[in-house]
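The structure under discussion appears below in the form of C-alpha cells.
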Amino acid sequence: MNEPIRLTSLSKGGGCGCKIAPSVLQEIIASGKAPAFENLLVGNESSDDAAVYQVNHEMAVISTADFFLPIVDDPFDFGRIAAANAISDVYAMGGTPVMAIAILGFPVEKLPVEVARQILDGGRSICSEANIPLAGGHTIDSSEPIFGMSVTGTVSVNKIKKNNGAKEGDLLFLTKQLGTGLLSTALKRGLLAPEYYATLIASMTRLNKVGEKLGNVLEVHAMTDVTGFGLAGHLVEICEGSGLSAELHYTKLQKLPGVAECMKQRTMPDATFRNWNSYSKQIGFEKGVDVMEAFNLLPDPQTNGGLLIAVDPSAVSEIQAIFSDHHLNEFLEPVGRFVARGDKAITVLP
C-alpha cells in the first residue's frame, strides 16, 4: 500500500512562515532607488500589502503576488490557503479583486501530476468564492512544491487603505484569531490534535472580504493583513509608517483553539524567532502580561491572518455593523489604540 503523500515533508517551511526575515528583507529592497512614476500611488516606499497604480481620475489598479511552500499535507487545502492568502492583499487595500494568475512550482519527479491538479483545483475554488477567474498562470519544475497567485484588483482612488495612515486616538481592530503558525507547526510534527485541524483550515481559507466594505469608510485610516511577520511585525509597520505608537491589550487578543496546547508542546515555528529578533526592541510590556506567552503569540507568523484596522472612534458603530454583516461578531471590540509616538512602537498591556 502506498504511503499518504505528506506535502509538508517536502518543504523547509510552510505558509507565510516561509517569508525572509524582516531585517534581511529590508537589506534586499534597500539596494537601490527606483525611478519615480507619477501614477504609482503605492510602491516600495512603504511596507504595504500591494502596489497601486492610478489609471484615470477615479480608479486605480491593485497588483500583488504571493506564494509559499505547503503548510498542510492535503493538496486541495494547500491550494485554497495559498489562494485566499494572495487575494487578501487586495482586500487589505480596500479593493475588489478582479482576476488571478496561478504561480506553481512542482517537483514532477517526486509527486504525481494529480497532486498538482488538486492544488490548482483548491485555488480555483477560492477564486470562485471571491467571484474572480483563475485566468492562467505559470509553472516550473522545482525541488519543492510552491503555489500562490498574482492577483489584480481595483479600488477608487479616494478609498485606498494604506498601512501608514493611522491617526492618534484611532482604535485598533483585528478580524481573526491568532496562532496559525503554532498550530501548523504542530501539524507538520504530527502533534496537532485532530479536533483543531478543521478550525485551523477554516481560518486560513476564510477570505477577508470585509476589507472591500471597509474601503468605503473614510474613518478607516489604515489597514493591513496580518501574515508572515506576525501581529507584532505588522503593527510595528503601521506605527512606523504613521509616526505613532500603539497600546495593545493582550487579553483582548483571541487565539485559535489548540494554541495553549501547542505552546506547551513548544511547536514554535522558526519564523517566530526571526520576527522577534527583528521587532523585539520596539515592544515593551506592562506589569501583568505573561511575556513568555506573548513571545509565543505576538511574532507568530500568520497565514492569511485577519485584517488589522485603525479606525476613528466616531466610526466604531459603523465598523461593528459591517463586521456583523460579515459574521465577525466575535471581533466587535477593539484590541488597542494608537497614541503619540513614545520610546516603544508597541506597549503591550494586560
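Numbers below:
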| quantity | calculated |
| --- | --- |
| Hits in segment 103-129 (condition: closer than 29 Å to Val157 by Cα, open to solvent by 10 Å² or more (accessible area, probe 1.4 Å) and aliphatic (A, V, I, L, M)) | Ile103 |
| All strands (runs of 3 or more DSSP E) inside segment 237-329 with 3 or more residues being touching a His at 6+ places or on another chain (Cβ under 8 Å) | 307-311 |
| Every residue from segment 146-170 that is touching an Asp or Glu at 6+ places or on another chain (Cβ under 8 Å) and of a type in the set (A, V, I, L, M, F, W, C) | Met149, Val151, Val157 |
| Residue satisfying all of: in segment 63-88; of a type in the set (Phe, Trp, Tyr) and buried (at least 21 other Cβ atoms within 10 Å of the Cβ); farthest from Pro269 (Cα to Cα) among these | Phe78 |
| Hey, Phe331 of a type in the set (Phe, Trp, Tyr), touching an Asp or Glu at 6+ places or on another chain (Cβ under 6 Å) and either open to solvent by less than 50 Å² (accessible area, probe 1.4 Å) or free of Cβ contacts under 8 Å to residues at least 24 places away in the same chain (or both) or not | no |
| Tally, over segment 297-316, of residues that are open to solvent by 10 Å² or more (accessible area, probe 1.4 Å) and among the charged types (D, E, K, R) | 1 |
| Scan of segment 246-282 for residues that are of a type outside the set (Asp, Glu), over 21 Å from Tyr197 (Cα atoms) and surrounded by fewer than 22 Cβ atoms within 10 Å (Cβ to Cβ), ordered by number | His249, Tyr250, Thr251, Lys252, Phe273, Trp276, Asn277, Ser278, Ser280, Lys281, Gln282 |
| Index of the failed condition, Ile71 passing every other in (1) of a type in the set (A, V, I, L, M, F, W, C); (2) over 20 Å from the mean Cα position of the chain (by Cα); (3) not in a helix (DSSP H, G or I) | (2) |
| Flag if Val115 is under 21 Å from the mean Cα position of the chain (by Cα), aliphatic (A, V, I, L, M) and either modelled with pLDDT of 95 or more or part of a helix (DSSP H, G or I) (or both) | no |
| Count of residues meeting criterion [open to solvent by 30 Å² or more (accessible area, probe 1.4 Å), β-branched (Val, Ile, Thr) and within 20 Å of the chain's Cα centre (by Cα)] in segment 151-175 | 3 |
| Single unsatisfied condition, Glu144 versus (1) touching a Leu at 6+ places or on another chain (Cβ under 7 Å); (2) under 14 Å from Val72 (Cβ atoms) | (2) |
| Considering residues of segment 8-62 that are under 15 Å from Ser156 (Cβ atoms), open to solvent by 90 Å² or more (accessible area, probe 1.4 Å) and not charged (D, E, K, R) only, the residue modelled with the highest pLDDT | Tyr53 |
| Residue count for segment 140-157, restricted to those that are polar (S, T, N, Q) and either without any contact (Cβ under 8 Å) to a residue 60 or more places away in the chain or on the phi > 0 side of the Ramachandran plot (or both) | 2 |
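The values are calculated or read from the model by the stated rules, or taken from the named source; none is laboratory data. Remember, it's a predicted structure, so these values are computed and weren't measured experimentally. For neighbour counting, all protein chains shown are included, and Cβ atoms are generated from backbone atoms with ideal geometry for every residue, glycine included. Just the protein is used for accessible areas: all its heavy atoms, side chains included, with ligands, DNA and RNA removed. Shrake-Rupley method; radii C 1.70, N 1.55, O 1.52, S 1.80 Å.
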